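The structure appears below as structure tokens.
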Amino acid sequence: MSLLPEAAGALRVFIADDEELARERLKALLADVAPELPTQIAGEAANGLEVLDRLPGTGARVLLLDIQMPGMAGLEVARHLAKLPEAPAVIFITAHERHAVEAFELNALDYLLKPVRAPRLAAALRKAAGAGPAPAASLERASERAREYFSVAERNRISLVPVRDVLYFKAELKYVTLRTRAGEHLIEEPLVQLEREFADRFVRIHRNCLVSRAAIRGFERAGTRDEEPHWEVMLEGLEERLPVSRRQWQAVRELVAENKGG
């Protein structure tokens, strides 16, 4: 999309909604409030993945983001964008009042209910422009389901790693190493938070390591004459063996037995 130079004092707004008519309506509403609140369209997208691809680098200060979109839900999109050096403020748009009341108000996230009205839009834009990006913790608490992707922000670009591709997480100092068959990425998320969010997909084998349940292919006994014997987990597609702590061994073994039995 070719973008015009920013008008003096105009608020740059990015619009994301999977319905073209909804995007056009938002543009019309922005034009309606222009006399009191000048805005400029920084870009638009029809799904979550397009937002992550198109928004970085546009200079958008506010994102009007539909909650229900194909490919990736709005809340997950916002969590990934929060990692950008200059993340936009986000105003969520939803047709479901229950979600708005329970998820957004409790976490101080701004939202608009469809059909959006011009006065409410103008008020939300002013608030968002002054408040800046939402705290990552608020976005996490408001999310009802686990993410489908991890993201790594590099300058004005967001790289995505599907959760299904992750073999393990290993905590090292202040970072966590995310390992896939293709390579490694460093993320700044506590291991305990990852364990809570992805409890149905990953299991703790050591105080500093979570592994993918689906990737476990077996265990083998390890240890030399100079070290205490212990068990190591074997993961599909990975030559590296990961030690299972004595504290976690019983729980891991029972989990694997249950999975095989099911």
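The values are calculated or read from the model by the stated rules, or taken from the named source; none is laboratory data. Everything numeric here is computed off the predicted structure, so don't read it as measured data. Here Cβ is always computed from backbone atoms with ideal geometry, including for glycine, and neighbour counts include all displayed protein chains.
Here are the numbers for this structure:
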| quantity | calculated |
| --- | --- |
| Qualifying residue in the stretch 186-200 (condition: touching a Lys or Arg at 6+ places or on another chain (Cβ under 7 Å) and not charged (D, E, K, R)) | no |
| Check on ALA124, surrounded by fewer than 15 Cβ atoms within 10 Å (Cβ to Cβ) and either over 14 Å from the mean Cα position of the chain (by Cα) or part of a helix (DSSP H, G or I) (or both) | no |
| Failed item, numbered, when GLU228 is tested on (1) modelled with pLDDT under 90; (2) of a type in the set (Asp, Glu); (3) in a strand (DSSP E or B) | (3) |
| So GLY57, is it modelled with pLDDT of 95 or more and at positive phi | no |
| Residue ID - modelled with the lowest pLDDT, chosen from residues in the stretch 8-48 that are closer than 18 Å to PRO88 by Cα and of a type in the set (Gly, Ala, Ser) | GLY9 |
| Unique residue being buried (at least 24 other Cβ atoms within 10 Å of the Cβ), at pLDDT 95 or above, in a strand (DSSP E or B) and β-branched (Val, Ile, Thr) when the list is VAL90, VAL51 | VAL90 |
| The one condition in (1) crowded, with 18+ Cβ neighbours inside 10 Å; (2) in contact with a Ser or Thr (Cβ under 8 Å, 6 or more places away or on another chain); (3) not small (Gly, Ala, Ser) that ARG207 fails to fulfil | (1) |
